[in-house]
Amino acid sequence: MTKNPIFHAAVGFAVLAGTLLVAAPATAAPLAPVPSLDVQRYMGTWHQLAAVPQPFSLNCARDTRATYTLLDAQNVRVENRCTTWTGGSSGVTGNARVNDPATMAQLHVSFPGVSTQDSLNGPTNYVVTHLADDYSWALVGDPARFSGFVLSRSASVSAERWREIRAVVESRGYNSCLLLTSPTTGGREDIRPLCTV
């Protein structure tokens, strides 16, 4: 059997995608946003600690991060970067547009050239559903929970914080076994289901 990490990641994604489609709650309420998001405090760089695997991130081996820059009252520049399996760098730049001015926590994220996400306007596909009081970590996803990302200001968190993250993920209606940890320099080095952390 091949030892190519990209092959293993692709196989793992295929298995998880099939599991997700079977395990996704058919009647679950849409992912709820936090009551209020301070957009200025949310800006800056976030490290991905765990995520539901997505096709566009299969080439990312480690150090996946997002940097948000406020453009105006409704738009945020989104810059996603990671280190690939071959040690190179991969990235994409897009836009996040606020769809919910009441909470500021529901947005449409778009990326030029991505066939399903190339329009600046569109349905909500990014919901901030949990945010630590000190803005040290967040849980975001789409309304149907087909995506989910644990973001942190720090690349490394304590065992106690990992337990808190898992509890919050599950309280928001996710199966924590479908989110995989993301290797970060100075943090976790392994890729494993969040339910086992």
Could you tell me which residue of segment 175-187 is nearest to the chain's Cα centre (by Cα), considering only residues that are open to solvent by 20 Å² or more (accessible area, probe 1.4 Å) and under 26 Å from Arg81 (Cβ atoms)? Leu180
Here are Pro35, Pro53, Pro30: which of them is in a loop (DSSP other than H, G, I, E, B), of a type outside the set (Val, Ile, Thr), closer than 17 Å to Ser90 by Cα and out of contact with any Asp or Glu (no Cβ under 8 Å at 6 or more places or on another chain)? Pro53
Here are the criteria: (1) closer than 24 Å to Leu131 by Cβ; (2) touching a Lys or Arg at 6+ places or on another chain (Cβ under 8 Å); (3) open to solvent by 20 Å² or more (accessible area, probe 1.4 Å); (4) in contact (Cβ under 8 Å) with a residue 24 or more places away in the chain. Tell me which single one Ser90 does not satisfy. (1)
Can you find a residue in segment 116-125 that is surrounded by 16 or more Cβ atoms within 10 Å (Cβ to Cβ), on the phi < 0 side of the Ramachandran plot and modelled with pLDDT of 95 or more? yes
Need the failing condition index for Pro35 against (1) modelled with pLDDT under 95; (2) within 19 Å of Ala132 (Cβ to Cβ), just the number. (1)
Looking at segment 63-77, which of its residues are open to solvent by 60 Å² or more (accessible area, probe 1.4 Å) and either touching a Pro at 6+ places or on another chain (Cβ under 7 Å) or not small (Gly, Ala, Ser) (or both)? Arg65, Thr69, Leu70, Leu71, Asp72, Gln74, Arg77
Report those strands (runs of 3 or more DSSP E) wholly inside segment 57-136 carrying at least 3 residues which are out of contact with any Leu (no Cβ under 8 Å at 6 or more places or on another chain). 60-70, 75-84, 89-98, 106-110
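The values are calculated or read from the model by the stated rules, or taken from the named source; none is laboratory data. Values in this document were obtained by computation on a predicted structure and should not be read as measured data. Don't worry about glycine lacking a Cβ; one is built from the backbone with ideal geometry, like all the others, and counts go over all protein chains shown. Please note that ligands, DNA and RNA were not included when accessible areas were found on the heavy atoms of the full protein model with its side chains. Shrake-Rupley method; radii C 1.70, N 1.55, O 1.52, S 1.80 Å.
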